[in-house]
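Take a look at the structure set out below.
The values are calculated or read from the model by the stated rules, or taken from the named source; none is laboratory data. None of the values given here were measured: they were computed from a predicted structure. Here the Cβ positions follow ideal geometry from the backbone for every residue, glycine too, while neighbour counts run over all protein chains shown. We work out accessible area using only protein heavy atoms, side chains counted, and drop any ligands, DNA or RNA first. Shrake-Rupley method; radii C 1.70, N 1.55, O 1.52, S 1.80 Å.
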Amino acid sequence: MDRFTVVGRKTDCHVLEGDGTRPIAEENMRVKYVPEPVELPEEIAEWRREIEAEEARKEAAGEPHRWNNPRFAVQRLVVTRTHTAEDPVATLTLCDAYYYDFLSTSINLDRKQKNGLTLRQQYMDGKDPLDAPPFMFCSFGVNVAVETGKDGKMLFSHRSARVVGPNKSKWNSSANEGLASNHDLSPDGHVSLHAVARRALREELAVLDSDEIDLELLGFGFDLRNNQWAAFFRAVLPDLSEDDLRVRWSRGVEDKWEHDRHAFVSADPETVLRFIRDEPEENWTPCAPALFYLALVRGAVRARGGDPDARYEVEAIERRVMEEADDGDDVA
């Protein structure tokens, strides 16, 4: 399975749909919810019971612990096209899962089973990981690349050491939320990825529902390192600047603890790609560079009145940024 490459680096992200030139319209993003629990094999269920017992012990001892919030497992994602305009149409099918189901696989990908194989060996290595059973997909992350409209800056968020999992202490999307049924499932069984993106902006960045948000779904990716799905959004905040956001953060943010710092850089492709290039590869989550690159392409396409060939302008700038690095290596 191919891996997204940017500024000469091959990432652990596979882009399933989207190249930044055209978004998936909100009305063309369909989510089907199947109200039945994901099924864990007995051995994986035993790992889950171990996690549940340990988290209960930590809670009773007054220690930091992880709570078992309801979420979803991904059964499938199907992308088609409309008949005439050939616009993308995506259908995501979900069933019920819990956070401990996710932990049972995500932190145990390299734990050996009784059959002698790890989950990574059995379902990922040398195979199409998207063919794995739903219990391997108890995480679907909505990732948003944010640009401030008043001063034209791109926002990068650095995940705190306090978050769980392999992506802590790394540069990530501006805002990120995992689908959770207690937040994102309406009484009539409806789930909206666009609404989840707006929730991510509100809970992590204090971007309010009353703020103007130019929000587009650019596509989908898959984290091949951690076996997780991702939706890619671009959000432009026409009426907000870096200073506006930092003032809001100083007054409190619902999920402020998830990030320990932020970087605002000029949203032009050259500056953003230099930022990605200059931060060591190991400092990035697998899918963040792909998200920001697609956001740059979308910005260029819109600046050219919707011309998809504007993506090649971003590619040309990327080549220059890479050549700068090569020239610097030669001088050194």
Query raised in the report: Which members of segment 35-60 meet the condition of being in a helix (DSSP H, G or I) and either open to solvent by less than 50 Å² (accessible area, probe 1.4 Å) or under 15 Å from residue 133 (Cβ atoms) (or both)?
Result: 42, 43, 44, 45, 47, 48, 51, 55, 58
Requested in this report: Output the residues belonging to segment 169-193 that are part of a helix (DSSP H, G or I) and open to solvent by less than 10 Å² (accessible area, probe 1.4 Å).
Outcome: 193
Query - Test: residue 165 is touching a residue at least 60 places away in the same chain (Cβ under 8 Å), in contact with a Cys (Cβ under 7 Å, 6 or more places away or on another chain) and either of a type outside the set (A, V, I, L, M) or surrounded by fewer than 20 Cβ atoms within 10 Å (Cβ to Cβ) (or both) - result: no
Query - Members of segment 62-104 that are β-branched (Val, Ile, Thr) and in contact with a helix residue (DSSP H, G or I) (Cβ under 7 Å, 6 or more places away or on another chain) - result: 74, 89
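So which residues in segment 248-261 are of a type outside the set (Phe, Trp, Tyr) and either farther than 11 Å from residue 158 by Cα or open to solvent by less than 40 Å² (accessible area, probe 1.4 Å) (or both), if there are any at all?
Residues satisfying the conditions are 248, 250, 251, 252, 253, 254, 255, 256, 258, 259.
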Query raised in the report: Just wondering, is there one or more residues in segment 72-79 that are free of Cβ contacts under 8 Å to residues at least 40 places away in the same chain and either open to solvent by less than 20 Å² (accessible area, probe 1.4 Å) or within 27 Å of the chain's Cα centre (by Cα) (or both)?
Result: yes
Report summary line: Subset of segment 262-300, residues among the charged types (D, E, K, R), surrounded by fewer than 22 Cβ atoms within 10 Å (Cβ to Cβ) and assigned to a helix (DSSP H, G or I), comes to 270, 274, 277, 278, 281, 282
Query - Selected residue (criterion: nearest to the chain's Cα centre (by Cα)) from residues of segment 133-148 that are in a loop (DSSP other than H, G, I, E, B) and buried (at least 17 other Cβ atoms within 10 Å of the Cβ) - result: 139
Query raised in the report: Are there any pairs, at least 6 apart or on different chains, whose C-beta atoms fall under 9 Å, with the first in segment 1-28 and under 16 Å from residue 311 (Cα atoms) and in a strand (DSSP E or B) and the second of a type in the set (A, V, I, L, M) and open to solvent by 30 Å² or more (accessible area, probe 1.4 Å), and if so, which?
Result: 17/77; 17/79
Requested in this report: Report the residue count in segment 200-212 for those that are surrounded by fewer than 20 Cβ atoms within 10 Å (Cβ to Cβ) and either closer than 10 Å to residue 144 by Cβ or aliphatic (A, V, I, L, M) (or both).
Outcome: 1
Query - Counted residues, segment 2-34 - those being of a type in the set (Asp, Glu), closer than 15 Å to residue 92 by Cα and open to solvent by 40 Å² or more (accessible area, probe 1.4 Å) - result: 2
Requested in this report: Would you be able to say whether some residue in segment 151-164 is over 22 Å from residue 284 (Cα atoms) and either basic (Lys, Arg) or not in a helix (DSSP H, G or I) (or both)?
Outcome: yes
Report summary line: Note on segment 194-228: residues assigned to a strand (DSSP E or B) and closer than 27 Å to residue 166 by Cα are 217, 218, 219, 220, 221, 222, 223, 228
Report summary line: When restricted to 204, 242, 258, 216, the only residue among the charged types (D, E, K, R) and within 29 Å of residue 324 (Cα to Cα) is 242
Query raised in the report: Which residues, counting only those in segment 283-305, are touching a residue at least 40 places away in the same chain (Cβ under 8 Å) and not hydrophobic (A, V, I, L, M, F, W, C)?
Result: 283, 285, 286, 289, 293, 298, 299
Query raised in the report: What about residue 215, is it aliphatic (A, V, I, L, M), within 16 Å of the chain's Cα centre (by Cα), over 30 Å from residue 111 (Cβ atoms) and open to solvent by 10 Å² or more (accessible area, probe 1.4 Å)?
Result: yes
